[in-house]
Amino acid sequence: QVQPVESGGGLVQAGGSLRLSCAASGIIVRFNTMGWYRQNPGKQRDLVADITRGGSTNYAESVKGRFTISRDNTKSTVYLQMNNLKPEDTGVYYCNAAVPSTRYPWGQGTQVTVSS
């Protein structure tokens, strides 16, 4: 499987918004729970949000009420709308399947930097 391609990151001031996109190929993205993950240097990659094939969502406590995950199965794309961004949201964001045994190789990710 080819790794997903994440985009939409950037530098934004606290309180700002960004919309991340993840384009993936094959059947994994269409039929599996997909997630967005965040990683900072020297830290583990943590789940930020995930979404089932049917659209049920789950969020880390730190982003509830501010981030919204969505997917378009016809376009094999997963999105993450991030509002009211905080400096602690800074990191490299990756998307991948939520279940490790179904994952793609990890992509390059997209850098999000929130300045205070």
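Per residue, how much accessible surface does region 1-80 expose to a 1.4 Å probe? Answer in Å², no decimals.
Value for region 1-80: 54 Å² per residue.
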Worksheet, complete the sentence: The answer for the net charge of residues other than Ile28 whose Cβ lies under 13 angstrom from its Cβ, with Lys and Arg +1 and Asp and Glu -1, is +4
Discussion item. Students often check this: by mean Cβ neighbours within 10 Å, which of 48-57, 26-35 ranks highest, and how do the rest follow?
Written reply: 26-35, 48-57
Worksheet entry | Computed accessible area, Val2, all protein chains, 1.4 angstrom probe, square angstrom | 100 Å²
Worksheet entry | With all protein chains modelled, accessible area of Thr113 [1.4 Å, Å²] | 50 Å²
Response to the item:
Taking Lys and Arg as +1 and Asp and Glu as -1, residues besides Tyr94 with C-beta under 9 Å from its C-beta add up to +1
Item to complete: Note down the relative contact order for the chain as a percent, whole number, built from C-alpha pairs under 8 angstrom at least six residues apart.
Response: 38 percent
Worksheet item: If the cut-off is a Cα-Cα distance under 17 Å, which aspartates and glutamates reach Lys64, setting aside same-chain residues fewer than 8 apart in sequence?
Response: Asp46, Asp50, Glu88, Asp89
Worksheet item: Can you list the aspartates and glutamates whose alpha carbon is less than 15 Å from that of Lys86, not counting same-chain residues fewer than 8 positions off?
Response: Glu61
Worksheet item: What residues of region 86-116 lie in the reach of a label at Arg53, counting those whose backbone N is under 19 Å from a point 7 Å from the Cα along Cα→Cβ?
Response: 96-104
Worksheet item: Counting only protein heavy atoms and using a 1.4 Å probe, what share of the accessible area of region 1-44 belongs to carbon plus sulfur, as a whole percent?
Response: 51 percent
Worksheet entry | Computed label-point distance, nm, for sites Ser101 and Ser25 using a 7 Å Cα→Cβ extension | 2.6 nm
Item to complete: Run the 1.4 Å probe and let me know the accessible area of Ser76, rounded to the nearest 10 Å².
Response: 20 Å²
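The values are calculated or read from the model by the stated rules, or taken from the named source; none is laboratory data. All values derive from a computational prediction rather than experimental measurement. All Cβ positions, even for glycine, are placed from backbone atoms using ideal geometry, and neighbour counts span all protein chains on display. Note: accessible area is taken over every heavy atom of the protein model, side chains too, but ligands, DNA and RNA are not part of it. Shrake-Rupley method; radii C 1.70, N 1.55, O 1.52, S 1.80 Å.
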